[in-house]
Structure formats: C-alpha cells, structure tokens
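Worksheet for the structure shown next.
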Amino acid sequence: MESKRARLDRFISVKTGVSKKNVRVLLAKGQVLVDGEIARDIDLIIDEFSHVTLDGQILQACQPSYVMLHKPVGVVSATVDDKHKTVIDLLDRDDKHSLHIVGRLDLNTSGLLLLTNDGRWSKKLMSPQHKVGKVYRVTLQNPIDESYIAAFANGMYFEYEDITTLPAKFEIVDEHTALVTLMEGRYHQIKRMFGRFRNPVVGLHRLSVGDIELDPELVVGASRELSYDEIAID
C-alpha cells in the first residue's frame with residue numbers, strides 16, 4: 001500500500017471545499033498549522049500522518065500504527081472473507097479497518113504477522129531489494145538431511161512461472177524440523193520447495209521478519225503494538 005502524499009493547498013481544498021486560490025490566502029495569513037508549525041508554503045508535501053489544522057479545526061490527525069499479531073492456524077490473512085475468520089477479526093482496536101497486512105500467511109500457517117497503516121514502512125519491509133529475511137519453522141512428514149541445505153542455498157527453478165527462487169538458508173533442528181530463512185515470499189514457496197523432495201510440510205510457523213521476532217509472551221490470537229526499536233528498519 002502506497003503512502004498518501006499530497007500538496008498542502010490541494011489537500012486543504014479537497015477537505016474543505018475552499019478554492020485553491022482562497023487556500024493560498026489562508027496560508028498567507030498563517031491560519032494553517034502542520035505538525036504544530038505555521039505553514040505558508042503551498043508546495044509543502046504532506047502525508048497521511050501529517051497533523052493539519054485550519055483555524056484550530058483539525059483536518060487530519062491520523063497516527064501511524066504498527067501491530068504484531070500471533071496468527072493462529074485456520075485464520076486467513078485478509079480484511080474480509082465469507083468462509084473464515086480473518087486476522088482483522090482478531091484485533092480489538094478502533095483503527096483496525098485502516099490497517100493492511102504486511103506479508104500474508106496462508107490459512108494453515110501460524111506465527112508472526114505484521115499490520116500497519118504506514119505504506120512506506122510495509123513496502124520497505126517486504127521489498128526484495130532490502131533483503132529482509134523471514135524465518136520459518138517447518139515441520140516435515142519425512143526425515144530431512146544435509147542434502148536440503150545446498151538445494152535451498154542454490155535456489156530452485158519453477159518452470160510454470162519461469163522463475164528461480166532466491167538463495168534460502170536452511171538449518172536442521174531435528175530429523176523432522178528445519179528453520180528456513182527466505183528473502184522473498186512467493187506463493188506457497190516453502191511448501192513447493194519441499195515438494196521437490198516429495199516431503200510434505202505438516203507444520204509452518206513464522207518466527208521473525210527482519211529484526212522483528214514473534215514475542216514469546218504473545219499468546220495465539222493476541223496482538224500488541226510494536227516497540228520503537230522494532231519499528232526501525234536499517
């Protein structure tokens with residue numbers, strides 16, 4: 001989701017119905033405040049989190065929200081669904097319908113899910129160029145061995161889409177469990193990669209996205225605001 005940026009004079013005109021010409025008069029008289037400061041520049045660019053007032057009347061006061069959710073199995077990563085409960089249904093927040101999902105998890109995948117109303121933050125977090133690793137704990141039906149490590153590190157070619165996956169880190173936890181770190185998030189990617197070994201995935205759980213780790217004290221289905229340190233992206 002893209003950030004909503006606009007020129008100040010256009011924003012005020014749309015919000016109030018005042019012509020751009022008259023908006024310029026209001027600006028010249030110092031009647032407009034942006035983030036607590038008098039704004040006189042008609043070319044000033046604001047975004048959805050700029051606090052804008054006109055003669056003391058609040059025109060916009062939206063605050064950025066960053067939420068961590070411990071997603072359960074059986075809940076869809078969607079805002080609306082006719083058949084299943086959605087992750088939005090799990091939130092007890094007044095602003096939940098303004099949030100979008102950052103990196104979806106499928107119905108049968110559990111773990112860390114991020115939601116925000118900040119499009120620039122989510123775009124940066126999910127963009128392949130920024131190489132933000134996402135760590136999953138994978139439980140397999142059949143035993144695994146060290147041959148998986150090189151296969152994941154080399155990437156896998158999928159003929160249908162004519163793509164080769166980016167190198168992925170593979171760590172063996174035990175005979176049926178591995179940690180997989182992806183730098184991308186293609187459709188059912190992990191399940192399809194293990195499909196090359198004819199080894200069905202029986203459990204998939206996301207542990208982290210970049211430096212943001214699923215809070216071990218966050219029970220399944222619960223959520224909380226991210227901390228300042230968690231929000232920061234290098």
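The values are calculated or read from the model by the stated rules, or taken from the named source; none is laboratory data. This structure is a prediction, so every number in the text was calculated from the model and none was measured. A quick note on method: Cβ atoms are made from the backbone with ideal geometry, for glycine too, and the neighbour counts reach across all protein chains shown. For accessibility, only protein heavy atoms count, side chains too; no ligands or nucleic acids. Shrake-Rupley method; radii C 1.70, N 1.55, O 1.52, S 1.80 Å.
Worth pointing out:
- Among L114, S127, I144 the positive-end extreme of the charge dipole of the chain (Cβ point charges): S127
- Exceeding the 21 Å Cα-Cα cut-off - candidates K71/K96; K123/K191; K169/K191; K134/K169: K123/K191
- Alpha carbon centroid spacing (whole Å) that separates region 91-142 from region 1-55: 33
- Within the straight-line cut-off of under 20 Å between alpha carbons, the lysines reachable from K29 are K15, K20, K21, sequence neighbours fewer than 8 places apart in one chain being disregarded.
- The mean sequence separation of alpha-carbon pairs under 8 Å and at least six residues apart, normalised by the residue count of region 130-234, gives a relative contact order of 35 percent.
- On the chain, 50 percent of the accessible area sits on carbon and sulfur atoms, based on a 1.4 Å probe.
- In order along region 61-72, phi translates into HN-Hα couplings of 9, 5, 10, x, 10, 9, 10, 9, 10, 8, 6, x Hz, rounded to whole numbers, per the Karplus curve 6.51 cos²θ - 1.76 cosθ + 1.60 with θ = phi - 60° and x for Gly and Pro.
- Förster-model FRET efficiency, 30 Å R0, Q63 and R192, C-beta, rounded to 0.05: 0.15
- The accessible area of H51, taken with all protein chains in place and a 1.4 Å probe, comes to roughly 60 Å².
- Listed residues L179, L27, L105, most fluctuating in the chain (Gaussian network, C-alpha, under 10 Å): L27
- Counting only Cβ charges, +1 for Lys and Arg and -1 for Asp and Glu, the dipole size of the chain around its Cα centre is about 920 debye.
- Region 141-190: chymotrypsin sites (Phe, Trp or Tyr not before Pro) in DSSP loop, at most 12 other beta carbons within 10 Å: Y160, Y187
- Computed over protein heavy atoms with a 1.4 angstrom probe, the accessible surface ordering of D215, D229, largest first, is D229, D215.
- Calculated FRET value between V220 and Q141, using beta carbons and R₀ = 25 Å, to 0.05: 0.65
- Among G30, G185, G203, residue whose mean-square fluctuation peaks in a GNM of the chain (springs only between Cα atoms under 10 Å): G30
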